Amino acid sequence: MAPIPAALLLLVGFGFFLYTMSFRIRPLLFARADNRIDNPEERTVRLLEFGFGQKRMPSKPEKVAGLAHIMIFAAFIVAQLGTMTSFGLAFDAHFVMPIFNEGTAIGRAYFAAKDIIFLFGTLGALTFLFFRLTKSKERMTLSWEGTFILCMLCGVMWTDLLINVADIAERSELSKMNDFIAYASSFPVSAMLAMPLEGRGISPQFFHGLMTVGVLLHVAIVLAFLNFLPLGKHFHIITGLPTVFFQRLTPQGRLSKLDLENSEKFGVAKLNDLSWKEVLDTYSCTECGRCQTYCPTYVTGKPLSHKEVNRAIRAHATEVSKQMPLPIATLWDSLKREVVGTPNIGTQTIDAGGAAGATASGLQLSAEMIEKLPPLVGEGGVLPDETVWACTTCGWCEQACPVFIEQLPRIVDMRRNLVLMESRFPDEAARVFKNLENQGNPWGMGSNRRGEWCADLDVPTAASLKEAGKDFEYLFFVGCAGSFDDRQKKVSRALVKILKAANVSFCILGEEETCTGDAARRLGNEYLFQSLAQANVEMFNGYGVKKVITQCPHCFNTIAKEYPEFGGNFTVLHHSEVIAQLVADGKLKPGQVKLEDEVTYHDSCYLARHNGITEAPRQTLVSLGLKVKEMDRSRTETFCCGAGGGRMWLEEKLGQRVNQNRVEEAAATLDGKGTVATACPFCLTMIKDGINETGRGEQMNAKDIAELVAMGLPD
């Protein structure tokens with residue numbers, strides 16, 4: 001058709017694309033290695049499910065935008081074969097794709113599907129254009145770039161349709177009627193668009209020229225589109241699917257384990273400390289803003305937006321890449337090392353599942369260049385300190401992200417560097433670290449007082465049972481709040497009453513119990529966490545513990561998900577699961593609990609989102625004859641109470657208090673009067689405080705589900 005113009009377009013287009021991509025590749029080459037090719041079968045299944053299947057896109061509360069994106073994505077995928085055909089047609093007017101051509105059933109089905117899908121793709125693009133032009137989606141980054149890309153996508157689809165229309169119109173003048181009808185029937189939309197052109201006496205040569213124009217326009221738009229992608233946020237069109245494939249396979253609630261003995265550097269300080277996957281994550285951020293929708297820090301006016309963190313690091317990487325060399329000779333070897341994670345110069349160790357914290361390998365930046373790199377956090381850096389310390393690690397950002405960007409490990413790694421390398425952290429955190437180190441609890445109360453809450457309840461300790469030669473089935477890990485906080489002590493006593501009523505064989509550690517270290521780890525003090533974790537694991541194993549009951553989701557998550565790396569492999573049950581199972585088995589028969597007002601249930605982030613436990617607490621409440629009114633933000637889409645990530649112990653000075661935001665939602669659900677049921681000591685404290693802070697103390701109250709169940713049991 002037009003081989004010379006097409007050849008020039010392809011040469012210039014792909015040449016410029018390779019040049020631009022070289023700058024995007026460089027930060028990946030000099031980043032830490034991270035093994036992300038383990039379990040290829042599972043990764044492939046997830047890619048099909050979440051990448052090509054777009055499973056997360058239509059989720060609440062972004063269903064309309066999600067469906068629109070699915071339509072655009074489907075059109076984009078289907079268009080690829082059409083684009084390859086157009087490249088061929090540019091050089092040969094009779095070019096056809098193998099298999100996908102008019103002579104095969106597969107080809108005819110593809111042509112028909114493509115025509116219809118392009119209509120839906122156009123509808124999806126128009127939907128996003130409406131959102132952008134009316135600014136009805138506050139969470140979205142509104143810029144000319146998004147509008148331009150949507151127009152380019154429409155251009156790709158409609159130039160493809162133009163080629164088909166011109167081809168059909170030309171054949172209508174040249175072909176026999178039966179052949180033409182059989183061909184046109186494969187293009188339901190294109191054939192309808194071609195109908196006004198048929199029978200007008202227009203020469204076939206005109207349609208042939210129109211087809212040539214369509215082919216060249218399609219090639220030009222595709223190449224312009226391709227070259228524009230690496231320049232902005234729509235780079236995710238290239239990197240999104242790889243990011244989904246390379247997602248971490250370890251539980252969301254588990255953080256990486258640092259090698260404290262063999263490393264000289266901990267956490268993330270500068271760009272080169274990020275893993276290649278973490279850099280890729282910033283490239284793949286679509287800036288859709290889903291991470292902000294229920295983010296407690298963003299919603300309440302704190303200086304943290306995970307979308308903006310991604311944008312800031314991506315912009316920084318783009319700027320730094322201009323000074324990075326591109327050693328062509330070792331590019332392939334470096335890429336292999338970066339993906340597989342072959343050790344070279346160690347900084348951190350990778351955990352068994354391939355989470356953040358890999359051994360540095362591959363290419364190394366010069367010491368001079370590393371010295372010139374600004375810090376990622378702090379004065380003169382990419383992010384202010386306040387941004388890093390604002391996160392509650394609730395996990396909403398990761399659950400909502402359609403491309404599985406891993407925000408929490410990166411935030412915690414930045415905290416690790418501030419704590420372990422720079423000794424720079426909030427004053428309140430310093431007190432928590434000191435109390436944990438000296439007394440084994442954040443309050444700093446004497447460890448010899450851990451058993452005072454049950455002094456009159458005749459609760460056996462593991463030590464006393466061992467001395468008497470008796471066995472036990474469950475270790476009730478009371479936790480720091482359950483042992484020292486006056487309000488939570490009531491929950492501990494209620495749970496003991498429940499376990500005894502159901503004849504459950506259990507014991508506690510008493511004075512020998514110490515904090516799991518959850519707050520220390522999420523505040524960045526990995527050294528303190530590991531010492532606490534190791535002490536607990538040794539204690540558990542020493543008493544032959546097999547099953548553990550916790551009333552705290554943070555203790556639950558730490559013991560169940562993080563202690564296995566320290567040799568602690570236990571069956572861990574949250575008290576809501578235990579109660580629900582005891583009721584289901586008929587071992588516990590609480591009576592009907594009559595409350596004056598209605599009940600709503602607040603899901604803990606570390607119970608619902610991080611560990612998927614949502615129904616057991618509700619089953620427990622239903623067994624008491626209570627009808628639960630659901631808040632809009634519930635189950636795995638719950639809204640944080642504000643205490644996670646160590647924030648329980650830090651002052652909340654900026655914006656609205658997170659717990660007050662949640663209490664306002666609960667109050668609206670209950671029409672201003674009723675009970676907020678919880679299943680977490682942090683949540684109970686924060687909700688109780690929020691009720692008092694908002695002046696609702698006379699109309700509302702907060703209770704743990706164990707307290708409600710205990711109310712239905714005889715004294």
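The values are calculated or read from the model by the stated rules, or taken from the named source; none is laboratory data. Treat the numbers as computed from the prediction; the structure is a model and nothing was measured. Because the Cβ atoms are built from the backbone with ideal geometry, glycine has one as well, and the counts that use them run over all protein chains shown.
Taking (1) touching a strand residue (DSSP E or B) at 6+ places or on another chain (Cβ under 9 Å); (2) polar (S, T, N, Q); (3) outside the structural domain of D456 (by TED's automatic domain parsing); (4) farther than 26 Å from C391 by Cβ in turn, T571 satisfies each apart from (3). In summary, Q551 fulfils each of the numbered conditions (1) buried (at least 23 other Cβ atoms within 10 Å of the Cβ); (2) farther than 19 Å from F506 by Cβ with the single exception of condition (2). Scanning the range 290-316 for residues that are closer than 17 Å to P384 by Cα, of a type outside the set (K, R) and buried (at least 21 other Cβ atoms within 10 Å of the Cβ) gives T297, Y298, L304, H306, V309, N310, I313.
All of Y606, Y543, Y563 fail the test of being within 23 Å of G440 (Cα to Cα) and in the same structural domain as L626 (by TED's automatic domain parsing), apart from Y606.
Going by what's in this entry, would A677 be described as within 16 Å of C640 (Cβ to Cβ), part of a strand (DSSP E or B) and in contact with a Lys or Arg (Cβ under 7 Å, 6 or more places away or on another chain)?
On the way: within 16 Å of C640 (Cβ to Cβ): no; part of a strand (DSSP E or B): yes; in contact with a Lys or Arg (Cβ under 7 Å, 6 or more places away or on another chain): yes.
No; evaluated as a whole, the condition is false for this residue.
Scanning the range 655-695 for residues that are surrounded by fewer than 19 Cβ atoms within 10 Å (Cβ to Cβ) and in contact with a Phe, Trp or Tyr (Cβ under 8 Å, 6 or more places away or on another chain) returns a single hit, E665. The number of residues in the range 619-635 that are surrounded by fewer than 21 Cβ atoms within 10 Å (Cβ to Cβ), touching a strand residue (DSSP E or B) at 6+ places or on another chain (Cβ under 8 Å) and without any contact (Cβ under 8 Å) to a residue 40 or more places away in the chain comes to 4. Comparison of F130, F87, F73, F120 shows that the only residue that is assigned by TED's automatic domain parsing to the domain that holds L11, touching a residue at least 60 places away in the same chain (Cβ under 8 Å) and assigned to a helix (DSSP H, G or I) is F87. Taken together, the residues in the range 476-503 that are of a type in the set (S, T, N, Q) and outside any helix (DSSP H, G or I) amount to 1. Residue pairs whose Cβ atoms lie under 8 Å apart, sitting 6 or more positions apart in sequence or on different chains, and linking a residue in the range 568-589 that is on the phi > 0 side of the Ramachandran plot and crowded, with 21+ Cβ neighbours inside 10 Å to a partner that is of a type in the set (S, T, N, Q) and at pLDDT below 95, do not occur here. So which residues in the range 442-453 are touching a Lys or Arg at 6+ places or on another chain (Cβ under 8 Å) and crowded, with 21+ Cβ neighbours inside 10 Å, if there are any at all? Passing the criteria: only W453.
For (1) in a loop (DSSP other than H, G, I, E, B); (2) in contact with a helix residue (DSSP H, G or I) (Cβ under 8 Å, 6 or more places away or on another chain), each residue gets a yes or a no:
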position: L260; (1), (2): yes, yes
position: E264; (1), (2): yes, no
position: A269; (1), (2): yes, yes
position: L280; (1), (2): no, yes
position: T297; (1), (2): no, yes
position: G301; (1), (2): yes, no
position: L304; (1), (2): yes, yes
position: N310; (1), (2): no, yes
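Inspect all residues belonging to the range 643-666 and state whether any of them is touching a strand residue (DSSP E or B) at 6+ places or on another chain (Cβ under 7 Å), within 15 Å of I691 (Cβ to Cβ) and part of a loop (DSSP other than H, G, I, E, B). No, the range 643-666 contains no residue that is touching a strand residue (DSSP E or B) at 6+ places or on another chain (Cβ under 7 Å), within 15 Å of I691 (Cβ to Cβ) and part of a loop (DSSP other than H, G, I, E, B).
So if I check each of R43, R36, which one is surrounded by 15 or more Cβ atoms within 10 Å (Cβ to Cβ), modelled with pLDDT of 95 or more and under 16 Å from T239 (Cβ atoms)?
On the way: R36 fails: modelled with pLDDT of 95 or more.
R43 is the lone residue from the list that is surrounded by 15 or more Cβ atoms within 10 Å (Cβ to Cβ), modelled with pLDDT of 95 or more and under 16 Å from T239 (Cβ atoms).
Screening K55 with (1) in contact with an Asp or Glu (Cβ under 9 Å, 6 or more places away or on another chain); (2) in a loop (DSSP other than H, G, I, E, B); (3) buried (at least 20 other Cβ atoms within 10 Å of the Cβ) gives one miss only, at (3).
Restricting attention to the range 463-474, does a residue exist that is aromatic (F, W, Y) and assigned to a strand (DSSP E or B)? If you could, list the steps in order and put the result at the bottom.
To start, the set of residues in the range 463-474 that are aromatic (F, W, Y) comprises 472, 474.
Keeping just the survivors that are assigned to a strand (DSSP E or B) gives 474.
Scanning the range 463-474 turns up at least one residue that is aromatic (F, W, Y) and assigned to a strand (DSSP E or B).
Are any of the residues in the range 191-206 of a type outside the set (A, V, I, L, M), crowded, with 17+ Cβ neighbours inside 10 Å and in a helix (DSSP H, G or I)? No, that holds for no residue.
Among the residues here, A68 qualifies as at pLDDT 90 or above, farther than 21 Å from E406 by Cβ and surrounded by 14 or more Cβ atoms within 10 Å (Cβ to Cβ).
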